[in-house]
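Notes to accompany the following structure.
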Amino acid sequence: MDETGKNPKRMKTLSCLLFIGLSVCCRADDLTTLDGKTYENIRSISLKPNGLFFVTGSGDLVQGIKVAFTNLSDETREKYNCDDYGIALANARLNPAIALNKNLAFSLDDLDAAKKKAAAEKKLIGFIMEWDTMFVPARPMGRGSDSGLAHFYMVFNNNLVLVFVRHESELDKVPDAVKRGFFGPEEGGFAPNMAVVTADCSKFVCEIPYGGDGSNGQIREQIFRQKIADIKKFIAANR
């Protein structure tokens with residue numbers, strides 16, 4: 001095994017964010033904001049910087065409207081894929097270059113602090129298996145483990161409390177719940193990958209794999225969406 005090549009059990013293991021103007025809905029609909037304004041027959045709905053953009057009206061009265069995400073109900077944000085996860089996925093799809101470093105997440109040495117933060121913010125913890133060689137400038141939608149690490153970070157950093165785990169020396173030091181992911185059937189033999197557990201690290205939630213030898217941003221996004229659904233289901237069942 002080496003840090004850049006293949007390994008019998010695991011193949012090569014491997015912020016100024018922008019929002020994407022991605023169309024998320026084309027049908028006409030009505031939308032009511034938290035401050036009580038109602039927009040009828042909205043269409044051409046898309047995510048823009050800090051808000052949901054749409055077109056309303058007809059003829060000479062057609063106008064473009066942008067409503068801040070903070071002025072939308074949780075139900076509306078979920079409906080139009082502009083909840084925190086949807087926004088993070090859209091950010092990553094813009095494919096900016098990111099230079100990660102170890103200080104952008106917790107380490108195992110700081111696990112107690114990660115637990116406290118997760119408990120205080122009512123978040124789960126994501127343990128990302130990585131190699132030190134992955135911390136180089138990379139684009140999240142690309143191929144390769146360095147891009148994979150950038151992708152994991154962009155999508156999950158604001159939604160989970162993240163802990164970096166060194167493949168080189170720390171796999172045997174993670175909590176038992178994390179081992180269920182790292183050494184389970186869904187790990188997939190590639191890094192980066194991530195085990196999601198509860199804030200106290202007592203319960204395993206899900207394992208999020210890298211996506212195989214040909215993994216790229218499109219492949220990972222589909223995996224992420226499936227696993228985000230699992231995370232949301234777990235949170236809903238344990239409120």
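Nothing in this text is a laboratory measurement; each read-out follows from the coordinates by a stated rule. Just so we're clear, the structure is a prediction, and the values are computed from it rather than from any experiment. Methodologically, a virtual Cβ is constructed for each residue, glycine included, from the backbone with ideal geometry; neighbour enumeration extends over all protein chains shown.
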Using a 10 Å cut-off on Cβ atoms, rank the peptides 55-67, 163-175, 205-217 from the highest mean neighbour count down.
205-217, 163-175, 55-67
Find, among the trypsin sites (Lys or Arg not before Pro) in the stretch 67-130, those assigned to loop by DSSP (not H, G, I, E, B) with at most 12 other beta-carbon atoms within 10 angstrom.
Lys122
Return the inverse of the average 1/r over all pairs of distinct C-alpha atoms in the chain, which is the Kirkwood hydrodynamic radius, in Å to one decimal.
18.9
If each part is reduced to its alpha-carbon centroid, the stretch 207-230 and the stretch 132-173 end up apart, in Å, by 13
Test of understanding: what is the full-extension gain from Arg143 to Leu171, defined as 0.36 nm times their sequence separation minus their Cα-Cα distance?
7.7 nm
The simple spin-label model distance between Asn103 and Asn216, using points 7 Å out along Cα→Cβ, in nm, is 3.5
Residue by residue through the stretch 70-85, which ³J(HN,Hα) values in whole Hz follow from phi under the Karplus form 6.51 cos²θ - 1.76 cosθ + 1.60 (θ = phi - 60°), with glycine and proline marked x?
6, 9, 10, 5, 4, 5, 5, 4, 5, 4, 9, 6, 10, 6, 4, 5
Debye-sum result for the stretch 85-179 in log10 I(q)/I(0), which assumes one identical scatterer on each alpha carbon, at q = 0.12, 0.16, 0.19 Å⁻¹
-0.37, -0.66, -0.91
Does the stretch 145-188 come out rounded, prolate or oblate, given a ≥ b ≥ c as the square roots of the eigenvalues of its C-alpha gyration tensor, rounded meaning a/c under 1.5 and, failing that, prolate meaning a/b above b/c?
prolate
Compute the FRET efficiency between Asp29 and Asn238 as 1/(1 + (r/R0)^6), taking r as their Cβ-Cβ distance and R0 = 35 Å, and round to the nearest 0.05.
0.65
